[in-house]
Amino acid sequence: MQKRFPSFSLSSYGAGWSANRRIAIVASVVAVLLAIAGIVALMTGGDNGHQDPDTAAPTPADSPSSTEAAPKPSSGSGSVPKPPQIAEPVAYAKAGAQMLWSYDTRDTSRDQQLAGMRAWMTAETTYADWASVSGQVPDPVLWSRMADQDQHATASVTEGHYPSAFKAALADDPSAITEAYIYVVTVNGKQTLSWKKGGGGAEERAVTLAVQCRPNHDCTLAAIAPSVTQ
């Protein structure tokens, strides 16, 4: 029987947002609309995305990938696409999810993967939670194992939307978004995995992203939520 190797997917990898980053992002999104408990529930509540134990190996919270700085290899970012010039939060989040669910160890090193993902991030350090994004990448040993098997993945997005709690908060006070312009978007889709000797499979995916879209600027990625909010 074909051995199934660990997959690289958002629903399987990643450390949660750091306390300071989570407070900064959530406070900017909903300002004084919600009590502290409600704010935490907004960003961490909801069901987790689908996880297949046969194809997933979670990265420990203290893994180097969860906190390391993004490398800048001279060879570029491999197969990681460049961020699109999009000024609409849901459209950018959908593109971001597709980027995060796609990879190709055949022509992209782990450093290139990280560098490519870093290019999608906001440059505003107050709101950028790089640890939540870099934590999606398997550690060097696992990436090497995946590369040995030519593992790669493509992704398709079925839909993206603002979670109901986020929409309710904005309806109560639309001006609350204007400090940081951080939008919460949940994206659903499918990831298709392939490796040597015809191995492969497909899994449903879901992720909640924090996207920054300031007026007259292209959107950027701020953070990945530790769980999916619908």
Out of the stretch 123-175, which residues are over 21 Å from the mean Cα position of the chain (by Cα) and among the small types (Gly, Ala, Ser)? 144, 147, 168, 169, 171, 175
Count of residues meeting criterion [of a type in the set (Gly, Ala, Ser) and more than 12 Å from the chain's Cα centre (by Cα)] in the stretch 94-122: 4
Quick one: which residue in 56, 131, 93, 70 is of a type in the set (A, V, I, L, M), modelled with pLDDT under 50 and surrounded by 15 or more Cβ atoms within 10 Å (Cβ to Cβ)? 56
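The values are calculated or read from the model by the stated rules, or taken from the named source; none is laboratory data. Owing to the predicted nature of the structure, the values given are computational and were not obtained by experimental measurement. Here the Cβ is made from the backbone with ideal geometry for all residues, glycine too, and neighbour counts use every protein chain on show.
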